[in-house]
1. Checking the condition among the hydrophobic types (A, V, I, L, M, F, W, C), in a loop (DSSP other than H, G, I, E, B) and either open to solvent by less than 100 Å² (accessible area, probe 1.4 Å) or in contact (Cβ under 8 Å) with a residue 40 or more places away in the chain (or both), which residue from L46, L33 passes?
2. Of all residues in region 49-65 being assigned to a helix (DSSP H, G or I) and out of contact with any helix residue (DSSP H, G or I) (no Cβ under 7 Å at 6 or more places or on another chain), which is most open to solvent (accessible area, probe 1.4 Å)?
3. Quick check: anything in region 2-16 loosely packed, with under 13 Cβ neighbours inside 10 Å and part of a loop (DSSP other than H, G, I, E, B)?
4. Out of all the residues in region 8-23, which are under 15 Å from F51 (Cα atoms) and of a type outside the set (D, E, K, R)?
Amino acid sequence: MDINEKILLLAILKKESNESLNDVVLKLENTGLFTLKEGKKLLKKLKTEEFVSDSFLTLKGELIAKNVEQEFKI
């Protein structure tokens, strides 16, 4: 899993309840992490790999996102 995927998962974990997945992608795009096209492609990949379902992380996605959070805290 590359760093952009990890950051996207973490951002989804930390998103506000009133934010959509597109809002999260747009926020990260505004930081210059990736383009909107790349962000949507990453989001689609995460959905395909069953890390994300609808607007939420799956259990698998949440576990990975929490591991990523710990990784960044170190």
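1. On the way: L46 fails: in a loop (DSSP other than H, G, I, E, B).
Residue meeting the stated conditions: L33.
2. L59
3. Here is the first cut: in region 2-16, the ones loosely packed, with under 13 Cβ neighbours inside 10 Å are 2-3, 14, 16.
From the residues that got through so far, the ones that are part of a loop (DSSP other than H, G, I, E, B) too are 2, 16.
Yes, that holds for at least one residue.
4. L8, L9, L10, A11, I12, L13, L21
The values are calculated or read from the model by the stated rules, or taken from the named source; none is laboratory data. Being a predicted model, the structure only gives us computed values, none of them experimental. Counting neighbours? That spans all protein chains shown, and the Cβs are built from the backbone with ideal geometry, glycine included. In case anyone asks, the SASA skips ligands and DNA or RNA and just uses the protein heavy atoms, side chains included. Shrake-Rupley method; radii C 1.70, N 1.55, O 1.52, S 1.80 Å.
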